[in-house]
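The values are calculated or read from the model by the stated rules, or taken from the named source; none is laboratory data. Owing to the predicted nature of the structure, the values given are computational and were not obtained by experimental measurement. Counting neighbours? That spans all protein chains shown, and the Cβs are built from the backbone with ideal geometry, glycine included. These area figures cover heavy atoms from the full protein model, side chains too; ligands, DNA and RNA do not enter into them. Shrake-Rupley method; radii C 1.70, N 1.55, O 1.52, S 1.80 Å.
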Amino acid sequence: GDASVALQAQEEVIEMKDVFSVKLKRRRFAGQKKGGTLLGITIFKCLNKEENKLTDCAVHLNNLSEDHCQSWFRHLKEILNGFQNRPKSLKVFVNPSSHKREAAHVYYEKVAPLFKLADIKTDVTVTEYEGHALSVLKECELQAFDGVVCVGGDGSVSEVAHGLLLRAQIDAGKDTDYVSKPVRAPVPLGVIPAGTTNILAHTLYGIKHAVTATLHIVMGHIQAVDVCTFSTPSKLLRFGFSAMFGFGARTLALAEKHRWMPSSQRKDFAFIKTLADLRPEECELSFLPLQIPQEDFHEEDRITLLYLGSKDQWQKIQGHFLNVSIMAIPCLCSMAPRGLAPNTRLNNGSMALIVVQNTSRTEFIKHLKRYTSVKNQFNFPFVETYTVQEVKVQPRLKSGPDAKENMCLSAASAEGNYPWNIDGDLMKEASEVHVRVHPQLIDLYGVNTDDLESSQATCNCI
C-alpha cells in the first residue's frame, strides 16, 4: 500500500486442528432465511483460555466472489471432515431434575447451538424417571451414533456410562449376571456438567463449564478412562468410577430421604446430621495390591513396590472404619481441588483404596477439612491408603452387649440395607461387594488435565 499510510501489517495463523466449523457469510433482511448477499466465509475456531476453559471464536474472511467463496468453503469442509473422532451424530440424554433443574436450559441455550454450528445431528431424550436412560440405551440403535452425551450430574452420567457398558456386554453375547472381563463401550461418552458436584466433569476438564465440555466433544478430544465393576458373589451390580462405604454412603442415604428439600440444603443437612451421629462400620476389607510389570519398573517406583507387596497376595484388614473410598479416578471437584483420590489417575489401571479407621469426631473433621486445602489429607495415623486392583468389602455385625443395635444391624443385613455411594447414586447391598478395576474400558470426550498434579500427589501420598 501507500507508504504514507501508517498501517502495521498483522498476521494471524489459524491451525485447522483448532477449527470446528466453516460457514458462508451472507447479508440477509429480517425474516429472510435463504439467499442474501454473499460477503465471504466465517471460520469458527476453538480458543484456549485461562483455567482450562475453552471458548469459541469467529474469524471473518471477506470476499464477494461466489466462486472463490465456494472453493474455499468446499476445501475447508474437506479438511474438517478428515479429522478423526469428531462426531457427526450424537445421542443426547438430558436430566431435567439435576441440581437446580437447569440441565434443559444448559443444553438448549449453551450446548445445542454449538452442536448445530458444527453440523452435528442430535437425537435428544429428556429423561423422565430414574433408569430411563438405561432402558433407552438397551434398545436404541447405537451404531447410528458416533457418541453419547449426558447433560446432568454425576448420578446421571454414571447411569449412562453403566448403560453403555451393559449394552456392550449384551451385544457381545456375555452373561451380564457375572462379568469378569468386560468388553469396551462401543462409542465415547460426553459429559456436560449440570449437577451439584460434577466430579467426572471436573476430573476431565479441570472446570465446571458447559461450553468447555461441549467444545471437547465437538473437537473430538478422546480420553480413555478406567472403569470399575461392582459385584456380589452372584451378580453384577453396576459399572462405575468411584464408591464410598460408611460416612460418604450414609450421608447420601440421608440426603435421599429428604428429596423435598432444596439440593444444597439437603446435602448440608445430611452432612451435618451424619457427622453428629458419626459411627464406624465393622467390616473386613480384602484387597489385591497393584502389580507393576518388571519392564515398567523405574527407580522412582521402588517405594511403591515395597509398599504394595508381592504378586497375587491378597491382604486383609478387619476393624471399625468411619469411611472406605474406592476410586479409579482422581475425583476432582470444587470442594476437593486436588481430588478425593489424588494418588490415582484416569487411565493407569489402578484404584485408590482409602481407609479411615475409627477416631474422634474432631480428628475426622480435621481429615475432611484437608480435602479443601493443598495439604495432604492422608497424613493422619488413622488414615491408610493403598493402590489396588481389586477390593472385597464384607460388612460384619457389631459384637458386644448392645443386643438392640445388633438386632437392627441383623435386620439391615437381611434386607440389604448397607448403603453404598457409587458415583453419587445410592445403592443398598448386604452381602460382600467385590470391586475390580478394568483399564481404559470406556472413552470419554475430554483431556487428562490431572496427569502432572496426580503424579506429584502420588509421591506426596506415598
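Descriptive notes on the structure:
- Placed amide H near residue 54: partners under 5 Å, 5+ positions off or other chain: 49, 212
- Positive minus negative residues near residue 233 (Lys, Arg vs Asp, Glu; Cβ under 10 Å): +1
- Between helix 154-171 and the chain: long-axis angle, C-alpha atoms, 0 to 90°, nearest 10: 90
- Counting only DSSP H runs of at least 4 residues, each contributing -39500 (n - 2.57), and dividing by the residue count of the chain, the helix-based mean residue ellipticity at 222 nm comes to -8500 deg cm²/dmol.
- Pairs beyond 27 Å (Cα-Cα), from 45/110; 45/138; 49/267; 88/181: 45/138; 49/267; 88/181
- Based on protein heavy atoms only, the chain ends up with 50 Å² per residue of surface accessible to a 1.4 Å probe.
- Among (i) 52; (ii) 48; (iii) 36, the entry that matches percent of Cα pairs over 31 Å apart as calculated here: (ii)
- Database remark: amide H of residue 320 closer than 5 angstrom to the amide H of 358 (H placed geometrically; neighbours at sequence offset of 5 or more, or on other chains; Pro and chain starts carry no H).
- Three-way shape label, region 16-82, alpha-carbon gyration tensor, a/c 1.5: oblate
- Computed from phi, the 3J(HN,Hα) profile of region 117-123 under the Karplus parametrisation 6.51, -1.76, 1.60 (θ = phi - 60°) reads 4, 8, 6, 9, 7, 10, 10 Hz, with x in place of Gly and Pro.
- For the set 420, 314, 72, the ranking by accessible area, highest first and with no ligand, DNA or RNA atoms included, is 72, 314, 420 under a 1.4 Å probe.
- Axis angle, to the nearest 10 degrees, between helix 403-415 and the longest C-alpha principal axis of the chain: 40 degrees.
- The apolar share of the surface of the chain, taken as the fraction of accessible area on carbon and sulfur atoms (1.4 Å probe, ligands and nucleic acids excluded), comes to 51 percent.
- Degrees between helix 247-256 axis and first principal axis of the chain (Cα, 0 to 90, nearest 10): 70
- Relative contact order (%) - criterion: Cα under 8 Å, at least six apart; region: the chain: 16
- With the gyration tensor restricted to C-alpha atoms of region 141-297, the semi-axes of the equivalent ellipsoid amount to 29, 24, 17 Å, longest first.
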